[in-house]
Amino acid sequence: MARVRSSRPVRLGARAAEIIRILSANGFEFLVDAAGFGRYSALVRWGARAWPGPRPKPTPASGEPLPVRLRIVLEQLGPTFVKGGQLLALRPDLLPPAYGEELRRLQAQASPFPAARARKIVESELGMPVGEAFASFEDEPFAAASLSQVHRAVRHDGRVVAVKVQRPDVEAAFDADLALLAIGAARLQRRVASSWSISPVDTIAELDRWSRRELDFRGEARTAQAVARMFSDDDDVVIPEVDTARTTRRVLTMDLVEGVHPTSAGALRGAGIDVDRVVETGTHAMVRQVFGFGLFHADPHPGNILVQPGGQVAFLDFGLFGRLDGRQRRHVGLVVWAMINGDLDQIADLLLRLAVLKPGADVRGFRDDISDLLNEWLGEAQRTSIPRLLLRALGAGGTHGVTFSADLVLLARALISLEATVVRLQPGEKLTDRLSPALPELKSLLLPSLESLKAAFSARSYDYLALALDLPEVLANLVPDRTSPEAPPPAPPPPPPPPSRVSKVGAAAGRATTTALAAGIGALAAHGLARWSGRSH
């Protein structure tokens, strides 16, 4: 939860007045009233008029549709609210599609901060003068965002690097905003909890956790290193190397990767790059990230990708990555497989295996909505893309208490972003056209290998051993004791009919199944006992 004590009361009061003024000026006064701060808005408006300094400029949000107005207001409110909007964009079960699509466009534009402050932060974090850490350090950043800016530098060994420096006082600003949001969320939840399907307090707590992770650059560095290991055997995928000696909580140093952003086919062809190879490499890399490794770039848009002269694809910005465990990867793979193959009647069942059901969840209603969604999709002359269909399916459970993890929504968003890049480079082509040839590889990634079965058994060997040891007792409880003297003798059964061929086959199958089960459990028990015995020595 946000740390209220880290911000002074005067700063909190001034920031609260600014938030109320921006919300009220753009038609969101109902949110101020809902949180119980309505009586302060008139005072804030009076203060703005009486303030001797320059009057605040009119905001550009008036007259825009409500989703656009919400995006503009969040951008005006600053980085904390931009991050909150991005978090809401990952919850299609909470927001109508128009809002989610608009919030995906959130950008927190920021001017560069002075180079002297950037140098001071670098020296404080690295514990040495900038001249000792780098042979040269360019004062003018080549990129600036709401949380940081990036400078080009050269190490003493001649290696060119990008140095990402966190903005001064940005954490204090987050502290103040999150403290105010926590107060507002608590008041809002007390007033309108019965009419909301979400918990405002829990939502702000999730925003707090997410923001804290992004403010620590060491997590981004670890993700980049993990992705680099994943693609160490692939010469077509480039991951910039992290300079761990020059990376801290507020400074991230990585190799500077240069190339062409894939904004258009013409830009790539002008650089002598094979467009088809770039699309194939990028799609294959995302398939491996999602289904092979379960660690995937959540925003593969052209700004986060560079293409090198030889056609190699370089991924940039490792702050937002999704994670899927083995079970999720298998079931998501089956959903995508079913969508590509047109096995639409299986999709609801596959999605429910990925869902978390709230108390009183309406599973039947969810199935009906998925059926309607798929029938609508089949009836469209120009069908929407499969990634967008997946996102709509994930959002369909919100009104039925069928929820999905943020990582699954991140995956759908990532596939939408990837498809947009594919269409940008090859108009008229959809991601499905590129995924279909990858089905054999997807199948090999989904089907368990001998190595994965060994790993699964190794991880659960004691469970299997316990099951084998407990099996006699379990079977004794399931099968009635025919020899007990207290039990009355059973009535003689009627004479059985002559066995048909089907019943003989069924009986044989039952015996075979029982025998196979017993053999399997016995093998597991023997292997487990051998492992246990070997470890005990």
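The values are calculated or read from the model by the stated rules, or taken from the named source; none is laboratory data. No experiment lies behind these values; they were computed from the predicted model shown. Quick reminder, even Gly has a Cβ in these numbers, built from the backbone with ideal geometry, and neighbours come from all protein chains shown. With ligands, DNA and RNA removed, areas are computed over all heavy atoms of the protein, side chains included. Shrake-Rupley method; radii C 1.70, N 1.55, O 1.52, S 1.80 Å.
Give me a count of the residues in region 242-281 that are farther than 30 Å from Leu215 by Cα, open to solvent by less than 30 Å² (accessible area, probe 1.4 Å) and in contact with a Lys or Arg (Cβ under 9 Å, 6 or more places away or on another chain).
From region 242-281, those farther than 30 Å from Leu215 by Cα are 264-281; that's our starting set.
Filter again for open to solvent by less than 30 Å² (accessible area, probe 1.4 Å), leaving 265, 268, 273, 275, 278-279, 281.
Imposing the further condition that a residue be in contact with a Lys or Arg (Cβ under 9 Å, 6 or more places away or on another chain) reduces the set to 265, 275, 279.
Of the residues in that region, 3 qualify.
Condition check for Ala116 on (1) touching a Ser or Thr at 6+ places or on another chain (Cβ under 8 Å); (2) closer than 29 Å to Leu12 by Cα; (3) open to solvent by 20 Å² or more (accessible area, probe 1.4 Å); (4) not charged (D, E, K, R): one failure, at (1).
Determine which single condition Asp235 fails, assuming it passes every other condition in (1) part of a loop (DSSP other than H, G, I, E, B); (2) buried (at least 17 other Cβ atoms within 10 Å of the Cβ). So the condition that Asp235 fails would be (2).
Each residue in region 345-376 was checked for being open to solvent by less than 20 Å² (accessible area, probe 1.4 Å) and over 19 Å from Arg327 (Cβ atoms), and 5 pass. Quick one: is Gly379 among the small types (Gly, Ala, Ser) and surrounded by fewer than 19 Cβ atoms within 10 Å (Cβ to Cβ)? Taking the combined requirement at face value, the residue satisfies it. Of all the numbered requirements in (1) over 30 Å from Ala265 (Cα atoms); (2) open to solvent by 20 Å² or more (accessible area, probe 1.4 Å); (3) modelled with pLDDT of 85 or more; (4) under 22 Å from the mean Cα position of the chain (by Cα), Thr399 misses one, and that requirement is (3). Residue pairs whose Cβ atoms lie under 9 Å apart, separated by 6 or more positions or on different chains, with the first residue in region 380-392 and at pLDDT 85 or above and the second surrounded by 18 or more Cβ atoms within 10 Å (Cβ to Cβ) and among the basic types (Lys, Arg), are Pro387/Arg413; Leu391/Arg413.
Only one of the numbered conditions (1) of a type outside the set (A, V, I, L, M); (2) closer than 30 Å to Glu376 by Cβ; (3) out of contact with any helix residue (DSSP H, G or I) (no Cβ under 6 Å at 6 or more places or on another chain) is violated by Gly303, and that is (2). Collect the residues in region 282-321 that are surrounded by 18 or more Cβ atoms within 10 Å (Cβ to Cβ) and polar (S, T, N, Q), keeping them in residue-number order. Passing the criteria: Thr283, Gln289, Asn304, Gln312.
Every condition in (1) closer than 26 Å to Ala89 by Cβ; (2) within 21 Å of the chain's Cα centre (by Cα); (3) modelled with pLDDT under 90 holds for Arg330 except the one numbered (1). Just one residue in the set Arg413, Arg424 is under 24 Å from Leu320 (Cβ atoms), part of a helix (DSSP H, G or I), open to solvent by 20 Å² or more (accessible area, probe 1.4 Å) and not polar (S, T, N, Q); that residue is Arg424. Go through the residues of region 201-217 one by one and say whether even a single one is within 30 Å of Gly311 (Cα to Cα), open to solvent by less than 60 Å² (accessible area, probe 1.4 Å) and modelled with pLDDT of 95 or more. Yes, there is a match, as at least one residue in region 201-217 is within 30 Å of Gly311 (Cα to Cα), open to solvent by less than 60 Å² (accessible area, probe 1.4 Å) and modelled with pLDDT of 95 or more.
Kindly evaluate Arg191 against the criterion of being among the basic types (Lys, Arg), open to solvent by 20 Å² or more (accessible area, probe 1.4 Å) and either out of contact with any helix residue (DSSP H, G or I) (no Cβ under 9 Å at 6 or more places or on another chain) or not in a helix (DSSP H, G or I) (or both). Against the criterion (among the basic types (Lys, Arg), open to solvent by 20 Å² or more (accessible area, probe 1.4 Å) and either out of contact with any helix residue (DSSP H, G or I) (no Cβ under 9 Å at 6 or more places or on another chain) or not in a helix (DSSP H, G or I) (or both)), Arg191 does not qualify.
Among the candidates Val257, Val279, the residue that is part of a helix (DSSP H, G or I) and either of a type in the set (Val, Ile, Thr) or over 26 Å from Leu147 (Cβ atoms) (or both) is uniquely Val279. Among the residues making up region 261-287, those that are in contact (Cβ under 8 Å) with a residue 24 or more places away in the chain and of a type in the set (D, E, K, R) are Asp274, Asp276, Arg277, Glu280. Among the residues making up region 407-444, those that are at pLDDT 85 or above, within 19 Å of Gly294 (Cα to Cα) and among the small types (Gly, Ala, Ser) are Ala412, Ala414, Ser417.
How do the pairs read when you match residues in region 19-39 that are assigned to a loop (DSSP other than H, G, I, E, B) with residues anywhere that are surrounded by fewer than 18 Cβ atoms within 10 Å (Cβ to Cβ) and modelled with pLDDT under 70, using Cβ under 6 Å and keeping only pairs 6 or more apart or on different chains? Between residues of region 19-39 that are assigned to a loop (DSSP other than H, G, I, E, B) and residues that are surrounded by fewer than 18 Cβ atoms within 10 Å (Cβ to Cβ) and modelled with pLDDT under 70, the close pairs are Asn26/Thr59.
If the condition is being in a strand (DSSP E or B) and hydroxyl-bearing (Ser, Thr, Tyr), then region 110-157 contributes Ser136, Ser148. Based on this model, can you work out whether Leu126 counts as touching an Asp or Glu at 6+ places or on another chain (Cβ under 7 Å) and among the hydrophobic types (A, V, I, L, M, F, W, C)? Spelling it out, it is not the case that Leu126 is touching an Asp or Glu at 6+ places or on another chain (Cβ under 7 Å) and among the hydrophobic types (A, V, I, L, M, F, W, C).
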